[in-house]
Amino acid sequence: MRRLFCACLSLWLPAAAAQESYSFDVSQFEKKPFELNGYAELKAEQFTFDRHAALYQLGFFDQPQRDGFDRGTGSLQLEGTYRQGLATAHVIAYGSYAHDDTGNDRDTRLYEASVSVQPSSHATYDLGKKTLSWGKGYAWNPVGFVQRAKDPNDPELAREGFVIAGGDFVRSFDGTLKTVALTPLLVPTTAGLNADFGTSEHLNPAAKIYFFYANTDIDLMMLGAGAKSARYGVDFSRNLGTNLEVHGEWARAASVTRPVVDAAGNVVPIEASATSYLLGLRYLSESQLTTLFEYYYNDAGYSEDEMRSFAAVVHGAYDQYQASGNAAPLTKLRTALQPAMARPNPGQRYLYLRLSQQEPFDILYLTPALTIIANVDDRSYSVAPELLYTGITNLELRFRVFWLRGTPLSDFGEKQNDRRLDLRARYYF
Amino acid sequence: MSSRPRPCALLRRLLPLLALLLATPAWALDGNALLKQLDRNLEPESYEMYRKLINIEPDGKKKEYVLYTVKKGRDKMVALFLDPPSDKGRATLRLGDNMWLYIPNVGKPLRITSLQSVVGGVFNNADILALDYSVEYNVDKAEEAGNSYVLALKARTAAVAYDRLKMWVDKASVLPVTIEAYAASGLLIKTLHFRDIKDFGGGIKRPAVMETDSPLYKGYKSVMLYSSLRARRFPDEVFTLNYLPRAGELR
C-alpha cells in the first residue's frame with residue numbers, strides 16, 4: 001500500500017511541478033511622479049561599561065556611577081521623490097526617540113533635500129542638501145573631503161549630507177578609457193549653512209574627476225582652501241579576478257589641527273600637514289565566504305604615545321577629582337578632547353577585517369559575520385560577531401555583540417564600553 | 001577565338017561546388033553561428049525589460065524581487081531593483097567583466113563579483129546581469145540529438161562565472177530548453193530550464209519563464225519571469241557609475 005502511495009506521489013509530483021504557474025503584472029511597478037519609501041526601526045542596546053577606562057571616567061565622572069546602560073530606540077526614515085519634467089526633488093528625513101537609564105532623547109534630521117535637473121544623459125545639476133560619498137574604502141575614506149565621517153562599526157548607515165551646488169558631467173568612449181566624469185561642486189559655509197563643515201563665510205570649491213581606464217576605477221579629487229585647509233587625493237578600485245577586488249585611497253591635507261594633551265595636562269593644538277592612505281581587498285571564496293580587509297593610516301590621528309598620554313592624564317585628573325572633588329581638570333579635558341578622542345577610531349594605524357558567510361548550511365537569507373577592528377600601534381581591538389537575517393520580506397533582523405579589548409592606556413582598552421549588545425529590527429515600506 | 005567558358009558550362013562546373021556548400025550544414029554544424037542566432041532569438045542586442053525573480057524554499061516559502069533591466073551592445077547592462085521596498089533603488093551595473101552594486105544608503109557603487117549574489121538563493125550576479133552567450137562562450141562541440149542541438153560551451157575567459165555550459169537547443173525555434181552550468185572543476189553548479197514561449201512583440205518570441213535549481217541548494221528553486229521586453233537604444237553614458245543612482249529615470 002505504501003509503495004503504491006509513493007508510486008502515485010512520484011507520478012503526481014512532476015505533473016504538479018510542470019503545471020506550476022507564476023504571475024507577473026508589470027503595471028504594478030509603473031513609474032510614478034511621486035514615490036514615498038522608508039523604514040521603521042526598533043533597536044535595543046546594552047552597554048557594559050569599563051569603569052576604569054579613560055573615556056568612561058571623562059564621560060561619567062559627574063554622574064551616578066553605573067556598570068551598564070540599557071537603551072531602546074525607535075526610529076523612522078522617510079524618503080520621498082517627486083519628478084516633474086527634467087527635474088527630480090529628493091528628500092530623506094530621519095527621526096528617532098531613545099529611552100535609556102538617564103532619560104529620553106529625541107533626534108530629527110534632514111539627511112537630504114535637493115533638486116536635480118538632468119537635461120541630458122551627459123549632465124546633471126544638483127542644488128540642495130545631498131549626501132556625497134567619495135572614496136573606495138569600506139570602513140574609512142581618507143579622500144572623503146565633502147562628507148561626514150563613517151562609523152566603521154556601521155559603514156552602511158545613512159549619513160546626513162551638506163548643502164551643495166554642483167554638477168555631474170559624463171562622457172563615454174570606446175577603447176581602453178571608457179568613461180570620464182567630472183563632478184564640480186561648492187559647499188558654502190555661513191553661520192547658518194553647513195556650520196559643521198568648517199569655518200563660515202567660505203565657498204569651498206571641490207571637484208572629483210573619475211576615469212574608468214583599463215577596467216580600473218580611478219578618481220582624482222580636491223577641496224580648495226576655505227572652511228578647511230586645501231586637500232587633494234586619489235583612489236582606485238579594480239577586480240583582479242572573478243572573486244578578488246583591490247582598492248585604495250591616498251589623501252593629502254595641507255594643514256590639520258588636533259588638540260593634544262601634554263604630560264602636565266595642558267591641551268595644546270598641533271597643526272601639521274597630513275598624508276593618509278588606505279589599502280583594501282575583498283575576496284569571495286568558493287564557499288561564499290567574503291573576506292573584506294583594509295589597512296588605514298591616518299596621519300591626522302593620534303600616535304600611540306599621544307593616546308597613552310591622554311589616558312594617563314584623564315586617570316590622573318579622575319583620581320584628583322575623587323580625592324579632592326576638583327572637577328576643573330576633567331571638565332577642561334572633556335571640553336577640549338572628548339569630541340576627538342571619543343571618535344570610533346582616533347588613532348593612526350588600523351586594520352579592518354570582516355568575514356561574512358552568505359547562507360551557510362543552505363539556510364537562505366542568513367548571513368553570519370565577524371568584524372575585527374584593531375589598532376596596529378597598541379594592538380588593542382574590537383571583535384563583533386553578527387547575525388543578519390533577511391528571510392522575511394521587507395524585514396531585516398540583525399544581532400551583534402561587540403567586545404573591546406586592550407591593555408591599560410591603549411585605544412580600545414580605554415574606551416567607555418567593554419561590551420555592547422545590539423539587536424535591530426528594521427521594516428522597509 | 002575566346003577560350004572563356006560559356007555561362008551554361010560555367011554553371012555546370014559550379015553546380016557540384018554549390019551542392020557541396022548547401023550540404024555542409026548537414027554534417028558540420030556551426031555551433032558559434034547557432035549560438036549567435038539563439039542570442040538574437042532571446043533578446044535584441046539593446047533592449048529594456050522587466051523581470052521578476054522568485055526564490056522558492058523547500059517548504060514553499062517565496063521571496064520575490066522585481067528588476068528593470070536595460071542592455072546595450074555586447075557588454076553593457078544595468079539592473080535596477082523596483083521591489084521589494086527593502087531592495088528598492090539598488091542598482092547593478094555591468095561593463096564587460098566589471099560589476100558594481102549601488103546601495104542608496106551607502107551612496108556609492110561598490111565593486112562586486114559575478115559569483116556573488118545580491119538577491120540570495122540560487123541566482124547569482126552573473127545570472128542577473130547575463131550577457132549574450134556568444135559574448136562569454138565559445139562552442140567547443142555541437143551535435144544533433146533528435147529535436148535538439150546539444151552544444152558544449154567553454155568560457156572565453158576566466159572571468160566568466162561558469163567555466164562550461166551544456167546547452168540543449170530546440171531545433172525548430174533555436175531557443176534554449178535546458179542549460180547545465182559547470183565550474184572549472186567539473187562540478188554542476190546549476191541547471192536552467194526554459195519554458196512558456198511567449199510573443200513579446202517586435203519579432204521577439206522567447207521563453208517567458210526560466211527555472212533554476214542547483215545541487216548546491218537542494219530543494220530550493222529560483223524562477224525568473226520576463227515581461228515587457230522590447231528593443232530600445234540608450235546613450236553609452238547610461239552605463240556609467242555616475243548614472244547608476246539615477247537609473248530609475250530611464251523608465
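The values are calculated or read from the model by the stated rules, or taken from the named source; none is laboratory data. Everything numeric in this text was worked out from a predicted model, so none of it was measured. Methodologically, a virtual Cβ is constructed for each residue, glycine included, from the backbone with ideal geometry; neighbour enumeration extends over all protein chains shown.
Can you confirm whether region A:339-357 contains a residue that is within 21 Å of A:PRO142 (Cα to Cα), among the aromatic types (Phe, Trp, Tyr) and within 19 Å of the chain's Cα centre (by Cα)?
yes
Within region A:227-238, does at least one residue satisfy the condition of being more than 26 Å from A:GLY301 (Cβ to Cβ), crowded, with 17+ Cβ neighbours inside 10 Å and within 14 Å of chain B (Cβ to nearest Cβ)?
Yes, region A:227-238 contains at least one residue that is more than 26 Å from A:GLY301 (Cβ to Cβ), crowded, with 17+ Cβ neighbours inside 10 Å and within 14 Å of chain B (Cβ to nearest Cβ).
Which residue is modelled with the highest pLDDT, if the candidates are limited to region B:215-239 and must be touching a Leu at 6+ places or on another chain (Cβ under 8 Å) and part of a loop (DSSP other than H, G, I, E, B)?
So the residue we want is B:PHE234.
Kindly check whether there is at least one residue in region B:120-140 that is part of a strand (DSSP E or B), surrounded by fewer than 19 Cβ atoms within 10 Å (Cβ to Cβ) and more than 8 Å from chain A (Cβ to nearest Cβ).
Yes: region B:120-140 contains one or more residues that are part of a strand (DSSP E or B), surrounded by fewer than 19 Cβ atoms within 10 Å (Cβ to Cβ) and more than 8 Å from chain A (Cβ to nearest Cβ).
Can you name every residue in region A:237-268 that is assigned to a strand (DSSP E or B), among the small types (Gly, Ala, Ser) and in contact (Cβ under 8 Å) with a residue 40 or more places away in the chain?
Going through region A:237-268, the residues assigned to a strand (DSSP E or B) turn out to be A:237-239, A:244-261, A:267-268.
From what's left, among the small types (Gly, Ala, Ser): A:237, A:248, A:251, A:253-255.
Hits for region A:237-268 are A:SER237, A:GLY248, A:ALA251, A:ALA253.
For every residue, the table says whether it meets (1) of a type outside the set (Val, Ile, Thr); (2) under 13 Å from B:ILE128 (Cβ atoms); (3) touching a residue at least 40 places away in the same chain (Cβ under 8 Å); (4) in contact with a strand residue (DSSP E or B) (Cβ under 9 Å, 6 or more places away or on another chain).
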{"residue": "B:GLU57", "(1), (2), (3), (4)": "yes, no, yes, yes"}
{"residue": "B:ARG74", "(1), (2), (3), (4)": "yes, no, yes, no"}
{"residue": "B:PRO85", "(1), (2), (3), (4)": "yes, no, no, yes"}
{"residue": "B:ARG90", "(1), (2), (3), (4)": "yes, yes, no, yes"}
{"residue": "B:ASP97", "(1), (2), (3), (4)": "yes, no, yes, yes"}
{"residue": "B:PRO104", "(1), (2), (3), (4)": "yes, no, yes, yes"}
{"residue": "B:PRO109", "(1), (2), (3), (4)": "yes, no, yes, yes"}
{"residue": "B:GLN116", "(1), (2), (3), (4)": "yes, yes, no, yes"}
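Table: residues versus (1) among the small types (Gly, Ala, Ser); (2) more than 14 Å from chain B (Cβ to nearest Cβ); (3) surrounded by 16 or more Cβ atoms within 10 Å (Cβ to Cβ); (4) touching an Asp or Glu at 6+ places or on another chain (Cβ under 6 Å).
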position	(1), (2), (3), (4)
A:ARG354	no, no, yes, no
A:GLN358	no, no, yes, no
A:PHE361	no, no, no, no
A:TYR365	no, no, yes, no
A:THR371	no, yes, yes, no
A:VAL376	no, yes, yes, no
A:SER382	yes, yes, yes, no
A:THR393	no, no, yes, no
A:GLU396	no, no, yes, no
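Name the residues in region A:18-77 that are of a type in the set (Asp, Glu), more than 19 Å from A:ASP100 (Cα to Cα) and in contact with a strand residue (DSSP E or B) (Cβ under 8 Å, 6 or more places away or on another chain), would you?
A:GLU35 - this is the single residue of region A:18-77 that is of a type in the set (Asp, Glu), more than 19 Å from A:ASP100 (Cα to Cα) and in contact with a strand residue (DSSP E or B) (Cβ under 8 Å, 6 or more places away or on another chain).
From B:LEU225, B:LEU151, which residue is of a type in the set (A, V, I, L, M), in contact (Cβ under 8 Å) with a residue 40 or more places away in the chain and within 14 Å of another protein chain (Cβ to nearest Cβ)?
Going through B:LEU225, B:LEU151 in turn, just one is of a type in the set (A, V, I, L, M), in contact (Cβ under 8 Å) with a residue 40 or more places away in the chain and within 14 Å of another protein chain (Cβ to nearest Cβ): B:LEU225.
Tell me, please, whether a residue that is buried (at least 19 other Cβ atoms within 10 Å of the Cβ), modelled with pLDDT under 85 and closer than 20 Å to B:ILE179 by Cβ can be found in region B:76-86.
No.
Which count do you get for residues in region A:359-404 that are more than 20 Å from the chain's Cα centre (by Cα) and either over 20 Å from A:GLU294 (Cα atoms) or assigned to a helix (DSSP H, G or I) (or both)?
15
Out of A:PHE5, A:PHE69, A:PHE47, A:PHE24, which single residue is modelled with pLDDT under 95 and either touching a Gly at 6+ places or on another chain (Cβ under 9 Å) or assigned to a loop (DSSP other than H, G, I, E, B) (or both)?
On the way: A:PHE5 fails: either touching a Gly at 6+ places or on another chain (Cβ under 9 Å) or assigned to a loop (DSSP other than H, G, I, E, B) (or both); A:PHE69 fails: either touching a Gly at 6+ places or on another chain (Cβ under 9 Å) or assigned to a loop (DSSP other than H, G, I, E, B) (or both); A:PHE47 fails: modelled with pLDDT under 95.
Checking each option against the conditions leaves just A:PHE24.
Consider region B:74-118. How many of its residues are more than 10 Å from chain A (Cβ to nearest Cβ), outside any strand (DSSP E or B) and farther than 20 Å from A:ARG282 by Cβ?
2
So which residues in region A:148-166 are farther than 14 Å from A:THR189 by Cα and not hydrophobic (A, V, I, L, M, F, W, C), if there are any at all? Steps first, answer last, please.
Of all residues in region A:148-166, those farther than 14 Å from A:THR189 by Cα come to A:148-160, A:166.
Residues satisfying the conditions are A:ARG148, A:LYS150, A:ASP151, A:PRO152, A:ASN153, A:ASP154, A:PRO155, A:GLU156, A:ARG159, A:GLU160, A:GLY166.
Checking B:ALA231 against (1) in contact (Cβ under 8 Å) with a residue 12 or more places away in the chain; (2) hydrophobic (A, V, I, L, M, F, W, C); (3) within 12 Å of chain A (Cβ to nearest Cβ), which single condition isn't satisfied?
Status for B:ALA231: all satisfied but (3).
Considering only residues that are at the interface with chain B (Cβ under 8 Å from one of its Cβ atoms), in a strand (DSSP E or B) and not hydroxyl-bearing (Ser, Thr, Tyr), look in region A:133-174 and name the one that is surrounded by the fewest Cβ atoms within 10 Å (Cβ to Cβ).
So the residue we want is A:ARG171.
Considering only residues of region A:297-314 that are in a helix (DSSP H, G or I) and aliphatic (A, V, I, L, M), which is surrounded by the fewest Cβ atoms within 10 Å (Cβ to Cβ)? Reasoning before the result, please.
Of region A:297-314, the ones in a helix (DSSP H, G or I) are A:304-314.
Subsequent filtering for residues that are aliphatic (A, V, I, L, M) retains A:307, A:311-314.
On the way: A:MET307: 26, A:ALA311: 23, A:ALA312: 17, A:VAL313: 22, A:VAL314: 28.
In this case the residue turns out to be A:ALA312.
Specify which of the listed residues (A:PRO142, A:PRO152) is under 26 Å from A:TYR428 (Cβ atoms) and touching a residue at least 60 places away in the same chain (Cβ under 8 Å). Show your work before the answer.
Details: A:PRO142 fails: under 26 Å from A:TYR428 (Cβ atoms).
Only one candidate passes the filter, namely A:PRO152.
When the residues of region B:43-73 are narrowed to those that are among the charged types (D, E, K, R) and part of a loop (DSSP other than H, G, I, E, B), which ends up farthest from B:ARG233 (Cα to Cα)?
So the first thing to find is which residues in region B:43-73 are among the charged types (D, E, K, R), and the list is B:43, B:45, B:48, B:51-52, B:57, B:59, B:61-64, B:71-72.
From what is left, the residues that are part of a loop (DSSP other than H, G, I, E, B) are B:43, B:45, B:57, B:59, B:61.
On the way: B:GLU43: 13, B:GLU45: 9, B:GLU57: 37, B:ASP59: 42, B:LYS61: 38 Å.
It comes out as B:ASP59.
Looking only at region A:205-228, how many residues end up being assigned to a loop (DSSP other than H, G, I, E, B), over 22 Å from the mean Cα position of the chain (by Cα) and closer than 18 Å to A:PRO142 by Cα?
Qualifying residue count, region A:205-228: 3.
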